[in-house]
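Reviewing the structure listed below.
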Amino acid sequence: MVILSRLLDPNEREVKRHLAVTEAVNALEPELEELDDAGLRARSDELRKRAQEGEDLDALLIEAFALCREASRRAIGLRHFDVQLVGGIVLHQGKIAEMKTGEGKTLVASLALFLNALAGKGVHLVTVNDYLARRDAGWMAPIYHLLGMSVGINVGTAGTFVYDPEFLDETHPDSRLQHLRPASKKEAYSADITYATNSELAFDYLRDNMARDLTQCAQRDLNYAIVDEVDSILIDELAPRTSSPASRKSRPRSTTSTRAGRAGCPRARTTRSTSSTSPHRSPRRASPRWSAGPGSRTSTTSRT
């Protein structure tokens, strides 16, 4: 009976399909191991060029994952297991990945983040608190740096940073956080990969919507995001705000949607004419697709 249920389980079938992709990733490992760091960076730059010229990211997935795994092995001493590669594929596809504590959610996220950052449009890792955002960024940043990508961290009260291996804060007891150089919000958001808390992203979005000039805006257009602890961010924290009587009276029901709308500074970026009666209101941008990423029980990804 157990065997039959597993055969009929669509999740099992999908995992097996992804495991076939991991075999192709594994086949590239001996070749990449022979390259020096400069050669690995050159392969990454080649992928970036192909992605920015419009090649489908799905076509780049195998090589991108192989590069990220090799960079991780060299930079932080961690090699992605095959099941973690499967998790990365799931996140890239914009689906929920359910992982238990200790199964390597942070490492799994690096695969999908690197792949989706190749197009040069920016990606985000959204998590629930300042410490996790800084820790995960500082921990994974050497991987991205080896592959030629910049990393920003936006955590509000704790500060805004970019990863800089030349910067050293010896006063910090955690070595993973010693290379986070203070920076402006705009610099952090302009990085290839930005780690941030959900609350700070939301407030920056609101602040950018009130900006009257492009120079006052910090965020860039929405492209792709992984939401860590998605059950906490999109359910636990959202529910009290959308289910209270005061919220129902003051907000339309559509505020419970998990899809993001416009990004960055819509007023300053809008160049098309509009029939709006407000000179500062811009037409709605296409909403990115929200799904799920490397969180605890659930996480989510979004892509426009």
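The values are calculated or read from the model by the stated rules, or taken from the named source; none is laboratory data. This is a predicted model, so every value here is computed, not measured. Cβ: placed from backbone, ideal geometry, glycine included. Neighbour counts: every protein chain shown.
Quick notes on this structure:
- Helices (runs of 4 or more DSSP H) within segment 11-93 that include 3 or more residues farther than 17 Å from Leu113 by Cβ and touching a helix residue (DSSP H, G or I) at 6+ places or on another chain (Cβ under 8 Å): 37-52
- Qualifying residue in segment 230-241 (condition: modelled with pLDDT of 85 or more, surrounded by fewer than 21 Cβ atoms within 10 Å (Cβ to Cβ) and either in contact with a His (Cβ under 9 Å, 6 or more places away or on another chain) or of a type in the set (S, T, N, Q) (or both)): no
- Of all the listed residues (Gly94, Gly88), the sole one being surrounded by 14 or more Cβ atoms within 10 Å (Cβ to Cβ), within 20 Å of the chain's Cα centre (by Cα) and free of Cβ contacts under 8 Å to residues at least 60 places away in the same chain is Gly88.
- Flag if Arg43 is crowded, with 17+ Cβ neighbours inside 10 Å and over 18 Å from the mean Cα position of the chain (by Cα): yes
- Annotation: of all residues in segment 116-140 being of a type in the set (A, V, I, L, M), within 19 Å of Ala97 (Cα to Cα) and within 10 Å of the chain's Cα centre (by Cα), the one that is surrounded by the fewest Cβ atoms within 10 Å (Cβ to Cβ) is Val123.
- Any pair with Cβ under 9 angstrom, 6 or more apart, that starts in segment 115-133 at a residue that is under 15 Å from Ser44 (Cβ atoms) and among the polar types (S, T, N, Q) and ends at one that is assigned to a loop (DSSP other than H, G, I, E, B) and modelled with pLDDT of 90 or more: Asn116/Asn223
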